[in-house]
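Engineer: Pasting in a structure now, in structure tokens, and then I'll have a few things to ask.
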Amino acid sequence: MFVKVACVGGGPAGLYLSILLKRQDPSHDVTVYERDPEGSTYGWGVTYWRHLLDRLHEQDPESADVLDADSVRWSAGVAHVRGLTTRHGGDQG
Ligand SMILES: Cc1cc2nc3c(=O)[nH]c(=O)nc-3n(C[C@H](O)[C@H](O)[C@H](O)COP(=O)(O)OP(=O)(O)OC[C@H]3O[C@@H](n4cnc5c(N)ncnc54)[C@H](O)[C@@H]3O)c2cc1C
């Protein structure tokens, strides 16, 4: 069934909804309206866990592979706060 979608906001939710709709049926008419300039991002980065990537892989293996290849993994995070040190094991790789 053909759908026509006007999506207000080009954040992760809006953009990914649009990608999934077009993957479902390329004839869908999807327009994303974003108030910020094209290519702009605000913030520092996105952290996610392996399970999210696995779920993405089920729906969209191409995007999941690109994300996987461009992601940075760490296996030992250390925080020093007022003389105290705590360690986090990081992700499973
Ligand atoms: C400081 C900070 C750090 C974060 N770190 C992480 C993290 O490490 N990992 C993680 O998973 N999540 C993180 N988050 C949360 C994550 O950013 C949000 O969960 C995510 O951005 C939500 O996506 P969204 O598409 O629903 O909304 P948004 O990302 O808020 O996107 C909404 C978009 O709509 C646009 N918009 C709004 N109104 C209009 C309008 N009237 N017309 C046109 N465009 C409009 C906005 O400009 C925006 O681009 C962080 C959030 C913050 C604030």
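Engineer: State which residue pairs qualify: first residue in contact (Cβ under 8 Å) with a residue 12 or more places away in the chain and of a type outside the set (K, R) and inside segment 3-20, second residue part of a loop (DSSP other than H, G, I, E, B) and more than 8 Å from the ligand (Cβ to nearest atom) in any location, beta carbons under 8 Å apart, and separation of 6 or more residues or different chains.
Structural biologist: Final answer for the pair search is V3/D25; V3/H28; V5/H28; I19/D60; L20/D60.
Engineer: Within segment 68-86, is there a residue that is away from the ligand (no atom under 13 Å from the Cβ), surrounded by 11 or more Cβ atoms within 10 Å (Cβ to Cβ) and within 12 Å of the chain's Cα centre (by Cα)?
Structural biologist: Yes: segment 68-86 contains one or more residues that are away from the ligand (no atom under 13 Å from the Cβ), surrounded by 11 or more Cβ atoms within 10 Å (Cβ to Cβ) and within 12 Å of the chain's Cα centre (by Cα).
Engineer: Regarding segment 48-59, can at least one residue be identified that is near the ligand (Cβ under 9 Å from one of its atoms) and surrounded by 10 or more Cβ atoms within 10 Å (Cβ to Cβ)?
Structural biologist: yes
Engineer: Next question, about the same structure. Of all residues in segment 1-20, how many are within 30 Å of R73 (Cα to Cα) and more than 12 Å from the ligand (Cβ to nearest atom)? Don't jump to the end; show me each part of the working.
Structural biologist: So in segment 1-20, the residues within 30 Å of R73 (Cα to Cα) come out as 9-20.
Filter again for more than 12 Å from the ligand (Cβ to nearest atom), leaving 19-20.
Result for segment 1-20: 2.
Engineer: Also, quick follow-up: Only residues in segment 25-38 that are over 15 Å from L15 (Cβ atoms) count as the first member; pair them with residues that are open to solvent by 60 Å² or more (accessible area, probe 1.4 Å), Cβ under 6 angstrom, at least 6 apart or cross-chain, and list the lot.
Structural biologist: Within 6 Å, the pairs are S27/F2; D29/K4.
Engineer: When you check S40 against the structure, is it small (G, A, S) and closer than 26 Å to A6 by Cα, yes or no? Explain how you work it out, then say what you get.
Structural biologist: Values: small (G, A, S): yes; closer than 26 Å to A6 by Cα: yes.
So S40 fits the description; yes.
Engineer: Which one of the conditions (1) surrounded by 10 or more Cβ atoms within 10 Å (Cβ to Cβ); (2) β-branched (V, I, T); (3) at pLDDT below 90 does V5 fail to meet, given that it meets all the rest?
Structural biologist: (3)
The values are calculated or read from the model by the stated rules, or taken from the named source; none is laboratory data. Since the model is a prediction, treat every value here as computed from it, not as a measurement. Cβ atoms come from the backbone with ideal geometry, glycine included; neighbour counts cover every protein chain shown. Protein only, heavy atoms only, side chains kept; ligands, DNA and RNA dropped before computing areas. Shrake-Rupley method; radii C 1.70, N 1.55, O 1.52, S 1.80 Å.
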